[in-house]
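**Q** Mind having a look at this structure? Questions to follow.
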Amino acid sequence: MHQNRSSDVRIHLHAEIHNALAGNPYFAGRKVRVELRENEVVLSGVLSSYFHKQMAQESVRSIVDGVHRVHNQIEVVSV
């Protein structure tokens with residue numbers, strides 16, 4: 001049962017992170033991948049500015065419960 005509860009918490013946290021990113025107007029039409037490793041979140045993908053990269057990280061950091069560290073591996077590529 002512990003495994004199912006842990007899995008449910010991870011699914012909820014993953015959905016919460018995706019909702020935080022999807023609800024942020026800076027990410028309309030952009031794809032940021034989210035990976036959970038224990039209580040850490042890894043963000044990856046490609047964005048067009050360092051501002052967007054930082055906003056992605058801050059959106060995730062605002063979710064205090066369950067996130068102890070954010071690894072921001074998003075690449076910035078100017079278009």
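**Q** Do we have Val70 as under 13 Å from the mean Cα position of the chain (by Cα) and of a type outside the set (Gly, Ala, Ser) here?
**A** The answer is yes for Val70.
**Q** Just for region 38-79: of the residues that are of a type in the set (Asp, Glu) and assigned to a strand (DSSP E or B), which one is nearest to Arg10 (Cα to Cα)?
**A** Across region 38-79, the extreme among qualifying residues is Glu40.
**Q** Go through region 23-37 and give me each residue that's over 15 Å from Leu13 (Cα atoms) and among the charged types (D, E, K, R).
**A** Within region 23-37, Arg30, Lys31 qualify.
**Q** Given the condition surrounded by 15 or more Cβ atoms within 10 Å (Cβ to Cβ), modelled with pLDDT of 80 or more and assigned to a strand (DSSP E or B), answer yes or no: does some residue in region 8-25 qualify?
**A** No, the conditions are met nowhere in region 8-25.
**Q** Anything in region 26-51 that is among the charged types (D, E, K, R), modelled with pLDDT under 90 and under 24 Å from Ser78 (Cβ atoms)? List them, or say none.
**A** Arg30, Lys31
The values are calculated or read from the model by the stated rules, or taken from the named source; none is laboratory data. The structure displayed is predicted, hence computed values, not measured ones. We place every Cβ from the backbone using ideal geometry, glycine too, and count neighbours over all the protein chains shown.
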